[in-house]
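Just below is one structure, and these are the notes that go with it.
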Amino acid sequence: MPSLKERLNLDQMKRSVLDSQVWRSMFRHGYEDTPRNRVLMVVDNLWLHLHPTKIRRHAIRIRFTWCMGGVTFLLFLYLVVTGVVLMFYYRPVGEYAYADIKYLEFDAPFGMFMRNMHRWAAHAMVIAVWLHMLRVFMTGSYKPPREFNWVIGVLLLTLTLLLSFTGYLLPWDQLAIWAVTVGTNMARATPLLGSEGPFAEMVGVTPRFDARSALLGGTIVGPPTLLRFYVLHCIVVPLIAAILMMVHFWRIRKDGGISGPL
Amino acid sequence: MAKEDKVVGSADEMAKTSWERVNDKVHVWPYLTRLEFMCAIIITILLVVWSIVIDAPLEEPANPSVTPNPSKAPWYFLGLQELLVYFDPWMAGVVLPTLIIVGLMAIPFIDVNPKGNGYYTFHERRFAIFTFLFGFLVLWVWMVVQGTFLRGPGWNFFMPWEYWDPHKVVALTNVDLPYMLGFRSYWGQAACGAVLILLWYATIPAYYIWRRERMKNVGLVRYLIKASLNMTMMGIVAKMVLRIGLNVKYVLVTPWFNI
Ligand code: HEM
């Protein structure tokens, strides 16, 4: 009969967990520090396998990439998670939207915190994308063979701004509708397609049927606009952005990994 | 300096052979993954603390009949709102933003300089870096800062120590450039404006002919796109200078549109 002390041997317990069939079925590799295991840690893990197994020494320096692409992606993930939580409480209807935000702030558990996280992460993401673009430019990383990934990047930048802009309307307060009014007024001036733009008479667009009213679902920023922006903000734009991010990451690998002096 | 600390593109790094440079590799696990992990933790802590300390703004419920003054677009679009001072909405809100996006996408295809690919350098690509930083820092970042902090009611300009007086009166004495130059008839003004704009863009072929030896590796089509984008960006600056310095309203006036 083993003594109590022997039975509570921590090493023994750890080994029996790590050696169990259940654990082994989930995690194939331990932390054994061999070159082979280091490679397996990356390629056998869905989340890590986007990485190559080995990477050029300069590419892991913060000073080279500023880590800004990764930070942008991290912020995007936080926005998805907090955004889904907000969706549980928010209804994109003129009568409810503002009240739902108030409810979220005062009554929903961690509601204010979730809203703050979502808002600030959105601002931070815009800044992070700008910085990422700045560093990609400064290292000349758009040069062949990475031209196309830069183009994808510009699309991602545009989508990031659009995400932020469509989300701006959703609290349905004064700040929201007037900022979006200022922003969408420009659409009225689109050449050919806007009712006040050059050559509008020739095309025959009217304030009720032009580029701006298609965006707003009416002639002013009203409840139909709220619904449109909600659908764009929660479904259309994030979906396109997520797809383009996959292409972006895949291209980084296919273009030979992070750029560096050849 | 330790081996890890060498600056990319530094002299001793460049002294290596290409083969040595490209094959100087480390394992992603743990060298990259641990950095990503650290980065994620730091960003998370910052974001959580920020969200605990500062609440997101929420103003009065939306009311279409009460227009706040100033009404501002979200901060990242304030550069475009600023352009409205100098251009009509179809330019500031539609044409120029489109050109910005297209122009950014075109960068890899119009910059044919093979140097500076994958490392920091200024002297090997002075023009490219100067142009980009000018657009990024002056026309974008600075415009956002100015739009946020220095533009008050009526989109009037206020110094940081000035009170945002909603009744500030600013004399609107703007005149069109052709009028200033002495053209009085309607079509005379239109023709003068068109000539001025053509002259501005005529610098493009002129420069090409002057520097044709150098342009050989750029190619005509690429040069034309590159130079038009560049002259358009500089044109924005020119219009700003004319407007702020000489109170010029339009350069070109036509029955259909004004620039
Ligand atoms: C949602 C936005 C974006 C995300 C999540 C993203 C993510 C990333 C990540 C994680 C990398 C790896 C290297 C690094 O972290 O710097 C990267 C590289 C790159 N990104 Fe982005 N990016 C975004 C937007 C952009 C934009 C706006 C541009 C340029 C206009 C761009 C162009 C590039 C290029 C050319 C590379 C390759 C850099 C190299 O090889 O050194 N990306 N991106």
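The values are calculated or read from the model by the stated rules, or taken from the named source; none is laboratory data. This structure is a prediction, so every number in the text was calculated from the model and none was measured. Note: ideal-geometry Cβ built from the backbone for every residue, glycine included; neighbour counts use all protein chains shown. Ligands, DNA and RNA are excluded from the accessible area calculation, which covers all protein heavy atoms including side chains. Shrake-Rupley method; radii C 1.70, N 1.55, O 1.52, S 1.80 Å.
Answer with yes or no whether A:E95 is more than 10 Å from the ligand (Cβ to nearest atom), of a type outside the set (A, V, I, L, M), open to solvent by 40 Å² or more (accessible area, probe 1.4 Å) and within 11 Å of chain B (Cβ to nearest Cβ). First the steps, then the outcome.
On the way: more than 10 Å from the ligand (Cβ to nearest atom): yes; of a type outside the set (A, V, I, L, M): yes; open to solvent by 40 Å² or more (accessible area, probe 1.4 Å): yes; within 11 Å of chain B (Cβ to nearest Cβ): yes.
Spelling it out, A:E95 is indeed more than 10 Å from the ligand (Cβ to nearest atom), of a type outside the set (A, V, I, L, M), open to solvent by 40 Å² or more (accessible area, probe 1.4 Å) and within 11 Å of chain B (Cβ to nearest Cβ).
Of the residues making up region B:246-256, one or more are in a helix (DSSP H, G or I), surrounded by 11 or more Cβ atoms within 10 Å (Cβ to Cβ) and not β-branched (V, I, T).
Scanning region B:184-223 for residues that are open to solvent by less than 80 Å² (accessible area, probe 1.4 Å), at negative phi and not in a helix (DSSP H, G or I) yields B:S185, B:R211, B:V218.
Taking region A:150-160 as the search range and keeping residues that are within 6 Å of the ligand (Cβ to nearest atom) and facing chain B (nearest Cβ under 7 Å), which one is surrounded by the fewest Cβ atoms within 10 Å (Cβ to Cβ)? Once the filter is applied, the top-ranked residue is A:V154.
Residue-level check: of (1) within 12 Å of the ligand (Cβ to nearest atom); (2) within 7 Å of chain B (Cβ to nearest Cβ); (3) buried (at least 19 other Cβ atoms within 10 Å of the Cβ), A:E147 misses just (3).
Which members of region A:54-67 meet the condition of being touching a His at 6+ places or on another chain (Cβ under 7 Å) and either open to solvent by 40 Å² or more (accessible area, probe 1.4 Å) or β-branched (V, I, T) (or both)? Break it down stepwise before answering.
Pass one, region A:54-67, residues touching a His at 6+ places or on another chain (Cβ under 7 Å): A:54, A:64.
If the condition is that a residue be touching a His at 6+ places or on another chain (Cβ under 7 Å) and either open to solvent by 40 Å² or more (accessible area, probe 1.4 Å) or β-branched (V, I, T) (or both), then A:K54 is the only one that fits.
One residue stands out in region A:161-192 among those that are crowded, with 19+ Cβ neighbours inside 10 Å and more than 28 Å from A:Y96 (Cβ to Cβ): the one that is farthest from the other protein chains (Cβ to nearest Cβ), namely A:R188. When residues in region A:123-134 are screened for being facing another protein chain (nearest Cβ under 9 Å), open to solvent by less than 20 Å² (accessible area, probe 1.4 Å) and touching a Phe, Trp or Tyr at 6+ places or on another chain (Cβ under 7 Å), 1 of them pass.
Among the residues making up region A:41-82, those that are among the polar types (S, T, N, Q) and either facing chain B (nearest Cβ under 7 Å) or in contact (Cβ under 8 Å) with a residue 12 or more places away in the chain (or both) are A:T53, A:T65, A:T72, A:T82. Taken over region B:59-106, the residue count meeting the criterion of being touching a Pro at 6+ places or on another chain (Cβ under 9 Å) and farther than 19 Å from B:T148 by Cβ is 5. When A:R24 is tested against the conditions (1) assigned to a helix (DSSP H, G or I); (2) within 24 Å of A:G257 (Cα to Cα); (3) open to solvent by 90 Å² or more (accessible area, probe 1.4 Å); (4) not acidic (D, E), the lone failure is (2). What residue, among those in region A:109-133 that are among the small types (G, A, S) and closer than 24 Å to A:P223 by Cα, is nearest to the ligand (Cβ to nearest atom)? Among them, the one singled out is A:A122.
Every condition in (1) farther than 30 Å from A:K102 by Cβ; (2) within 7 Å of chain A (Cβ to nearest Cβ); (3) hydrophobic (A, V, I, L, M, F, W, C) holds for B:W50 except the one numbered (1).
Any residue that is under 30 Å from B:N258 (Cα atoms), open to solvent by less than 20 Å² (accessible area, probe 1.4 Å) and in the same structural domain as A:E95 (by TED's automatic domain parsing) - is there at least one of those in region A:236-243? Explain how you work it out, then say what you get.
Filtering region A:236-243 for residues under 30 Å from B:N258 (Cα atoms) gives none.
Looking for residues that are under 30 Å from B:N258 (Cα atoms), open to solvent by less than 20 Å² (accessible area, probe 1.4 Å) and in the same structural domain as A:E95 (by TED's automatic domain parsing), one finds none in region A:236-243, hence no.
Selection of region B:146-157 for residues being more than 13 Å from chain A (Cβ to nearest Cβ) and out of contact with any Asp or Glu (no Cβ under 8 Å at 6 or more places or on another chain) yields B:F149, B:L150, B:G154, B:N156, B:F157. Screening A:S141 against (1) more than 20 Å from B:Y76 (Cα to Cα); (2) part of a helix (DSSP H, G or I); (3) at the interface with chain B (Cβ under 7 Å from one of its Cβ atoms) leaves a single unmet condition, (2).
Is it the case that A:P261 is away from the ligand (no atom under 11 Å from the Cβ), assigned to a loop (DSSP other than H, G, I, E, B) and over 21 Å from A:L74 (Cα atoms)? It is true that A:P261 is away from the ligand (no atom under 11 Å from the Cβ), assigned to a loop (DSSP other than H, G, I, E, B) and over 21 Å from A:L74 (Cα atoms).
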